[in-house]
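Everything on this sheet refers to the single structure shown next.
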Amino acid sequence: MEQYLKQSLEKLRVIEPKAEFKEHSLMLILSAPQNDFSPNAVQRLKYLMGAPKPGLIFGISAIFTLLVLSSFSLLYFQPADKPALISSLNPQAIEQEMETLNIQFSQIRYYENLAKKIEIALQKASNKPSPSEKQIEQFFNEITL
Amino acid sequence: MLEEEKQYIAQAQQGDKVAFSALYGQHLSRIYRFIFLKVSDKEEAEDLTHEVFLSAWQNIGAYRYQGLPFSSWLYRIARNAVIDFYRSNANKKTVQIEMASENLIKLPARDPDLLDTQMEIEKIKKAVALLKPEYQDVIIMRFIENLSYEEVAAALGKSEGALRIMQHRALKELKLICHDGTILKTITGKA
């Protein structure tokens with residue numbers, strides 16, 4: 001059976017493409033351009049794709065290591081001459097700064113009110129037209145100093 | 001590989017059209033047969049064969065003889081072309097088996113012996129078309145094209161041991177299909 005099968009299979013060799021197809025197809029194929037696989041192109045590709053270059057690899061890895069180390073040092077070893085940076089990381093220091101600012105604001109408000117009160121008092125006392133700013137400033141200086 | 005063929009390949013790699021024409025002449029029929037037996041349609045087989053040799057011409061510069069004979073390289077391209085063909089025409093295979101009778105191999109039919117041969121050829125062609133694709137590859141390359149185990153193994157990307165096992169199974173399946181007219185039952189649905 002196997003021998004008979006093999007003989008039958010061999011008969012399939014009569015299958016052939018048409019002569020017309022052979023010629024036409026070959027003509028079309030040969031009119032197409034070939035892809036460039038010249039040694040120069042292959043070498044260029046190899047160079048770009050990573051033929052080992054120890055100097056370049058060492059340089060890149062050194063730069064990378066430096067970048068990593070410098071970023072770590074920025075995170076963990078911040079310079080002490082930047083109080084704003086330090087305080088920004090410390091909530092207690094922030095609160096303290098806010099208190100100081102509040103005190104300064106309340107002082108400013110106090111002196112503003114005081115000046116107005118004095119102005120009104122002077123007007124009432126003398127029934128004169130309101131003093132000039134220079135006079136108020138002079139009076140204010142006398143009181144505070 | 002023959003020295004002459006090696007020379008043709010080297011020349012074709014330099015763009016020599018005459019050398020490539022010689023390679024084309026040497027391998028066209030077997031590649032066409034391989035494709036035709038797998039797609040069962042003459043026009044499709046012609047189109048795919050054209051694609052295979054076009055790809056071979058365009059990429060012959062990349063071919064290096066490293067244990068893979070040129071014929072095996074061409075069969076690899078052909079196999080991939082057929083796989084792509086079935087991928088893009090997922091429902092076509094069944095249709096083509098039914099249409100296979102329209103693609104009869106034409107022999108002069110006056111002689112009764114030739115008529116018998118023609119029927120036998122059609123029968124075996126249909127039987128091959130019913131095999132699994134990888135079994136088809138083995139049967140076509142080994143028994144129709146008479147390629148060596150080495151060439152077939154290289155074309156299919158298998159070891160020679162695995163190929164021998166595949167060949168045994170493929171023949172067994174082909175026998176089953178052909179046995180007692182099963183082939184006719186399978187294809188036409190008639191006893």
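The values are calculated or read from the model by the stated rules, or taken from the named source; none is laboratory data. These numbers were taken from a predicted model, which means no experiment stands behind them. Virtual Cβ from ideal backbone geometry, glycine too; neighbours counted across all protein chains shown.
Of the residues making up the stretch A:2-18, just one is more than 7 Å from chain B (Cβ to nearest Cβ) and at pLDDT 90 or above, namely A:Lys18. Where helices (runs of 4 or more DSSP H) fall entirely within the stretch B:1-90, those with at least 2 residues that are within 11 Å of chain A (Cβ to nearest Cβ) and buried (at least 20 other Cβ atoms within 10 Å of the Cβ) are at B:17-39, B:42-59. Count of the stretch B:137-153 residues, restricted to those that are more than 9 Å from every other protein chain (Cβ to nearest Cβ) and surrounded by fewer than 20 Cβ atoms within 10 Å (Cβ to Cβ), is 3. Criterion first (modelled with pLDDT under 70 and closer than 30 Å to B:His50 by Cβ) does A:Pro52 satisfy it? Against the criterion (modelled with pLDDT under 70 and closer than 30 Å to B:His50 by Cβ), A:Pro52 does not qualify.
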